[in-house]
Structure formats: C-alpha cells, structure tokens
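Novice: Here it is, the structure in full.
Laboratory data are not the source of any read-out in this text; all were calculated from the coordinates shown. Because the structure is predicted, anything quoted here is derived from the model rather than measured. Here the Cβ is made from the backbone with ideal geometry for all residues, glycine too, and neighbour counts use every protein chain on show.
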Amino acid sequence: MADEQKIESPSYDDIISLIGSKFGDKVKFRQSTKKNVKSINEKRRIFMDADREVILDLAYFLRDKLNFEQASMVTGVDWVDHMQVVYHITNYFNSITVEIVVNIPADDLHVASVAPVWGGANWHERETYELFGIIFDGHPKLERLLTPKSYEFFPFRKSYKLRGSQ
C-alpha cells in the first residue's frame, strides 16, 4: 500500500503498527491506568506518549493516513516540574480514539499547534494557552478567549495563588 493512501477504517492493531514503524522511539504506547477503560473500551482507545518534536508530523499522519478526523479535546496538565498537553483524536469510521500525551519542560512551554491539521483544535489550544500559558507555535490566532489581554497570569497553573478568604 502506498504511503500516501488513506486507510478509512484502520484496525486497532494496524494503527499501533503503522505509528510505531513510522515514528519509532519518538512514540511510546502505554496501557490505561483506569480499570474500567480496558473492559469497556477494549480496542477502542490507544494511549501513547509522543515527543513534542513529532506532534505535528504525527497529527498529519493520523489525519492523512489513518483517517482520524477530529481533535475532540486538547488540554493542559500542570505537574509543577513540567506540563503536559493531552490530545484526544478520533476516527469515527472505526470508533477509535487516540490519547496522546506530550511532556513539556516548565522552562520551555512551547509545542507545535495542531490547529492547521484539525480546525477544531483552535479554541482548545487558545483555552489551554489562556489557562496554563502553553504556547502553541504556528497557531493562527493564539490569544486569550475569556480573560483580559492585560492578564499576565495563568489561573490553572499550580503556582497561581488564589485570592480571597483562606
């Protein structure tokens, strides 16, 4: 099969095999830590960690080769010593969702935007930037959605000090 040809409804095993062979050690597959995911969603969820350097190439590969049509969710997680961007990407032909976790060092909060690949990621990335301060390089309009542009803080960071009565 030619590399450019899209697979409309790839199997669970094909997805893992094709991603593994294309991205090698830049992507690591893992099991869910949630007990109910394995029993309820057997062969419907794929969990992986990806190096931030390959996230854009991985996104294009998922869309163009494996027919993953939607970034259903993009968000951030603050682990104090580093941040994560978590993506849920869905192929509706086979009902498989891929969860991709990208670790980002706290002193360099940059990752490539997937908004050029999936337009629906646009607002997810903007919200993640607004709340966590993660910068999505190549985003078409990375600015705050709800808070004033003058805000110099990111309220979902663990370092953010809450105000009010203690």
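Novice: Subtract the Cα-Cα distance of E69 and Q31 from 0.36 nm times their separation in residues, and report this length gain in nm to one decimal.
Specialist: Residue separation times 0.36 nm, minus the Cα-Cα distance, leaves 11.4 nm.
Novice: Moving to a separate point now. I'd like the per residue volume of the convex hull spanned by the Cα atoms of segment 83-145, given in cubic angstrom.
Specialist: On the way: hull volume 5.0 nm³, N = 63.
Spread over its residues, the Cα hull of segment 83-145 gives 79 Å³ apiece.
Novice: How would you classify segment 1-154 from its alpha-carbon gyration tensor, with a ≥ b ≥ c the square roots of the eigenvalues: rounded for a/c under 1.5, else prolate if a/b is greater than b/c, otherwise oblate?
Specialist: Numbers: a/c = 1.89, a/b = 1.61, b/c = 1.18.
Since a/c reaches 1.5 and a/b is larger than b/c, the shape of segment 1-154 is classed as prolate.
Novice: Test of understanding: what is the full-extension gain from A106 to K22, defined as 0.36 nm times their sequence separation minus their Cα-Cα distance?
Specialist: Details: separation 84, 0.36 × 84 = 30.24 nm, distance 2.84 nm.
Using 0.36 nm per residue and subtracting the Cα-Cα distance, I get 27.4 nm.
Novice: Here's a follow-up. For a label point 7 Å from the Cα of E152 along Cα→C-beta, name the residues of segment 87-128 whose backbone N is under 20 Å from it.
Specialist: 107-109
Novice: How far apart, in nm, are the 7 Å Cα→Cβ label points at I7 and Y92?
Specialist: 2.2
Novice: What nm distance separates the two modelled labels at W123 and K141, each placed 7 Å from Cα along Cα→Cβ?
Specialist: Going by the 7 Å Cα→Cβ label model, 1.2 nm.
Novice: Here are some pairs, K6/K26; K43/K65; K28/K65; K26/K65; K6/K43; K26/K141; which of them have Cα atoms lying more than 24 Å apart in this structure?
Specialist: Values: K6/K26 22 Å; K43/K65 19 Å; K28/K65 19 Å; K26/K65 18 Å; K6/K43 20 Å; K26/K141 28 Å.
Flagged as over cut-off: K26/K141.
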